[in-house]
Amino acid sequence: SHLIFFTILNKRTTNSMNNHYNPNLKEYARELRTETVSKAEKYIWKALLSRNKLGYKFKRQRPINYFIVDFFCADLKLIIEIDGSSHLNKGEYDFYREEKLKSLGYAIIRFTEGEVIQNLSSVHERLSFMIYCIEERNKS
């Protein structure tokens, strides 16, 4: 029974240390990155998130727990979600998903596709402020 407890504990520790990465979703995440990327996701990636433009490394379509998030920064434990038309009828699921991810210690910021495409400067400003707030919280 001690071995079983250690194995469970070890899995939890490893999982938490790896930001709850779920390797079972790896192939699906890869498919999402290459085949179903929205215009807004491409736009925010190229303009703000790729190549450490905000001072941090972001990953696209990252499997976390049982979910795949649009963008993820491990150093900040920050998730960025872009809500498109597929989110219109998923209010309850999105709420459940967000609460679960927050309970794992992640901060989440959401933007609509329209915001990203039509007002990138506002998205940049809100995202920069979110990063600043996380940095300040992490100092204490």
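Observations
- Folded to 0 to 90 degrees: helix 91-103 orientation relative to the chain principal axis, Cα: 60 degrees
- Apportionment of accessible area to carbon and sulfur, the chain, percent (1.4 Å): 52 percent
- Cα-based helix-to-principal-axis angle, 120-139 vs the chain, degrees rounded to 10: 30 degrees
- In degrees, nearest ten, helix 26-35 long axis to first principal axis of the chain (Cα): 10 degrees
- Simple label model, 7 Å out from Cα along Cβ direction - Ile117 to Ser103, nm: 3.5 nm
- Candidate lysines for bridging to Lys26, where Cα separation is under 21 Å - those fewer than 8 sequence places away on the same chain excluded: Lys11, Lys42, Lys57, Lys59, Lys77, Lys100
- Rounded accessible area per residue of the chain, 1.4 Å, Å²: 65 Å²
- Reported label for calculated volume of the Cα convex hull per residue in Å³ given (1) 93; (2) 129; (3) 146: (2)
- Taking 0.36 nm per residue of separation and subtracting the current Cα-Cα distance, fully stretching the chain between Tyr96 and Glu136 would add 11.7 nm.
The values are calculated or read from the model by the stated rules, or taken from the named source; none is laboratory data. Bear in mind the structure is a predicted one, so any value in this text is a computation, not a measurement. As a convention, Cβ positions derive from the backbone with ideal geometry for all residues, glycine included, and neighbour counts pool all protein chains shown. Areas reflect the complete protein model, heavy atoms only, side chains present, ligands, DNA and RNA absent. Shrake-Rupley method; radii C 1.70, N 1.55, O 1.52, S 1.80 Å.
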